[in-house]
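Comments concern the structure below.
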Amino acid sequence: MPKSNSRKHRVVFSSILGSEWTAGPLYLGNLLAALRSLDDHQRPEIALLISGQDRPDGYRGLIPYVDQLLHVPRWLDFWQRQMARIRRKLNIWLVPDPPLAFYLRRHGVDSIFTRIEFEMWLSSPSLAWMPDFQHLHLPEMFPPKEILARNTLFAKVAERADCVILSSQDALRDLESFAPQQACKGRVLPFVAQVPADIYDSDPAWICDHYDLPRRFVYLPNQFWRHKNHAVVAQALVLVKAQHPEITVVCTGNTRDYRDLTYFPEWLSTISSSGLRDNLILLGLVPRGHVFQLMRQSLTVLQPSLFEGWSSTVEEAKSVGKRIILSDIPVHREQDPPKATFFDPHDPQVLADCLVKVFDEQGPGPDYELEALAREHLPIRTRAFGQTFLEILQEF
């Protein structure tokens, strides 16, 4: 933070935009909204760094939360792309970028918050976000070459960044194991999912007509990546289908896993061959507002993932006020959603029993008591999120 009161500390956020990984832009939006919730005298001056590769529709929703957009000049954008190609070809990581550093200093930037994949651009404080260490826990999900590249990148970032931002205590433990000499730089910043206030203006039952869905369903909003563990859901449905043909799971999310382009087609084939077309409904990517209405209308949210840094699905269920069935992994225990049911993500029979129980006992639509509590607590949780970031920023 500033050493004097002459001006506010200016922090620039490098854009975390793109279509492959939807959690990145959501994380940035949640963080910027949390900072905007702080009192004006507390809040730092916020700038968003935009490159020529960032589409306006990708960052338009962030504009209300920032004080300034810094558009990277065309010549500098071209320079960055060329240098990135050279670095990848020569396997050179985190080489300083003097032109960009000069550009940011000229705009009075005091510190930069960046995703791990971006270089540490400034001599002034840099905060690097490491979402998770999935490649260490699930190496079978990654090509060996990518594991090596990630290990190199994570080590270099931990060495060069002034602060390493992690989303959970679980991730901090991973940093302590992976780079013990740099673990002192780790700071935990769990995000809080934002929910538009207008989602409560109507009964969510309309979403069933919109997508031609049954009134009673379980909702699974996850990208179709192998570690998200849709497989155990299909296995559980096979076990209960004969006695409970009414059990339906509705899935939304990006269907492309860049690490394994065969995964989604193979999963579709499994659904077809197992006779689950009526029990598993796939909607693909849907508008954000529809995600929240699907949550509200569902019997429960389902999160079967094998690994998370800090689950967006769990946080959204907490913010909306919806009960959830979720895999029993350390970070989900840490997130501690209310009215949660945990299950072994490797045991389809346990999940099958959970699905039968929820269809027998739960009705569709909002849990108004849980919603009221969630709406009451969300501003408090959001402000605490922003305050935690501010405290981290004050250290560097």
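Can you find even one residue in the stretch 164-172 that is aliphatic (A, V, I, L, M) and assigned to a helix (DSSP H, G or I)?
yes
Just to be sure, is Phe359 without any contact (Cβ under 8 Å) to a residue 40 or more places away in the chain and in the same structural domain as Thr300 (by TED's automatic domain parsing)?
Taking the combined requirement at face value, the residue does not satisfy it.
Which one is farthest from Gln394 (Cα to Cα) among residues in the stretch 164-174 that are among the hydrophobic types (A, V, I, L, M, F, W, C) and buried (at least 21 other Cβ atoms within 10 Å of the Cβ)? Working first, answer last.
At the first step, the residues of the stretch 164-174 found to be among the hydrophobic types (A, V, I, L, M, F, W, C) are 164-166, 171-172.
Now drop any that are not buried (at least 21 other Cβ atoms within 10 Å of the Cβ), which leaves 164-166, 171.
Working: Val164: 14, Ile165: 14, Leu166: 17, Ala171: 22 Å.
Looking at residues that are among the hydrophobic types (A, V, I, L, M, F, W, C) and buried (at least 21 other Cβ atoms within 10 Å of the Cβ), I get Ala171.
From His290, His230, grab the single residue that is under 26 Å from Pro143 (Cα atoms) and at pLDDT 95 or above.
Sole residue among the options that is under 26 Å from Pro143 (Cα atoms) and at pLDDT 95 or above: His230.
So Ala384 ticks every box in (1) in the same structural domain as Asp132 (by TED's automatic domain parsing); (2) touching a helix residue (DSSP H, G or I) at 6+ places or on another chain (Cβ under 6 Å); (3) small (Gly, Ala, Ser) but one. Which box is left unticked?
Ala384 satisfies all of (1) in the same structural domain as Asp132 (by TED's automatic domain parsing); (2) touching a helix residue (DSSP H, G or I) at 6+ places or on another chain (Cβ under 6 Å); (3) small (Gly, Ala, Ser) except (2).
Condition check ((1) part of a loop (DSSP other than H, G, I, E, B); (2) under 23 Å from Ser319 (Cβ atoms); (3) of a type in the set (D, E, K, R)) across all residues:
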site: Val195; (1), (2), (3): yes, yes, no
site: Asp209; (1), (2), (3): no, no, yes
site: Phe224; (1), (2), (3): yes, no, no
site: Ala236; (1), (2), (3): no, no, no
site: Leu239; (1), (2), (3): no, no, no
site: His244; (1), (2), (3): yes, no, no
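Return the residues of the stretch 105-151 that are buried (at least 17 other Cβ atoms within 10 Å of the Cβ), modelled with pLDDT of 80 or more and over 24 Å from the mean Cα position of the chain (by Cα); say none if nothing qualifies.
So the first thing to find is which residues in the stretch 105-151 are buried (at least 17 other Cβ atoms within 10 Å of the Cβ), and the list is 109-116, 118-122, 125-135, 141-142, 150.
Retained after the next criterion (residues that are modelled with pLDDT of 80 or more): 109-114, 126-135, 141-142, 150.
Val109, Asp110, listed by residue number.
Just give me the residues in the stretch 237-258 being over 18 Å from the mean Cα position of the chain (by Cα) and closer than 28 Å to Pro287 by Cβ, in sequence order.
Matches in the stretch 237-258: Leu237, Glu246, Ile247, Thr248, Val249, Val250.
Please state which one of Gln335, Gln349 is surrounded by 15 or more Cβ atoms within 10 Å (Cβ to Cβ), under 23 Å from Leu302 (Cβ atoms), assigned by TED's automatic domain parsing to the domain that holds Lys241 and not small (Gly, Ala, Ser).
Exactly one residue qualifies, and that residue is Gln335.
This table checks each residue for (1) assigned to a loop (DSSP other than H, G, I, E, B); (2) closer than 24 Å to Glu246 by Cα.
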residue: Phe292; (1), (2): no, yes
residue: Lys318; (1), (2): no, no
residue: Phe342; (1), (2): no, yes
residue: Pro345; (1), (2): yes, yes
residue: Pro364; (1), (2): yes, yes
residue: Leu390; (1), (2): no, no
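Which pairs have Cβ atoms under 7 Å, sit 6 or more apart or on different chains, and link a residue in the stretch 380-396 that is buried (at least 18 other Cβ atoms within 10 Å of the Cβ) to one that is in a helix (DSSP H, G or I)?
Once the first residue is buried (at least 18 other Cβ atoms within 10 Å of the Cβ) and sits in the stretch 380-396, its partners that are in a helix (DSSP H, G or I) give Thr382/Ala33; Thr382/Ala34; Phe385/Ala34; Gly386/Ala34; Gly386/Leu35; Phe389/Leu31; Phe389/Ala34; Phe389/Leu35.
Need the failing condition index for Ala317 against (1) touching a residue at least 24 places away in the same chain (Cβ under 8 Å); (2) surrounded by 22 or more Cβ atoms within 10 Å (Cβ to Cβ), just the number.
(1)
Counting only residues that are aliphatic (A, V, I, L, M), surrounded by fewer than 16 Cβ atoms within 10 Å (Cβ to Cβ) and within 24 Å of Gln362 (Cβ to Cβ), how many does the stretch 239-282 have? If you could, list the steps in order and put the result at the bottom.
Step one: filter the stretch 239-282 for residues aliphatic (A, V, I, L, M), giving 239-240, 242, 247, 249-250, 261, 268, 271, 276, 280-282.
Filter once more, so that each one left must be surrounded by fewer than 16 Cβ atoms within 10 Å (Cβ to Cβ): 242, 261, 268.
Subsequent filtering for residues that are within 24 Å of Gln362 (Cβ to Cβ) retains 242.
So the answer is 1.
The values are calculated or read from the model by the stated rules, or taken from the named source; none is laboratory data. Remember, it's a predicted structure, so these values are computed and weren't measured experimentally. Note that each Cβ is placed from the backbone with ideal geometry, even for glycine, and that neighbours are counted across all protein chains shown.
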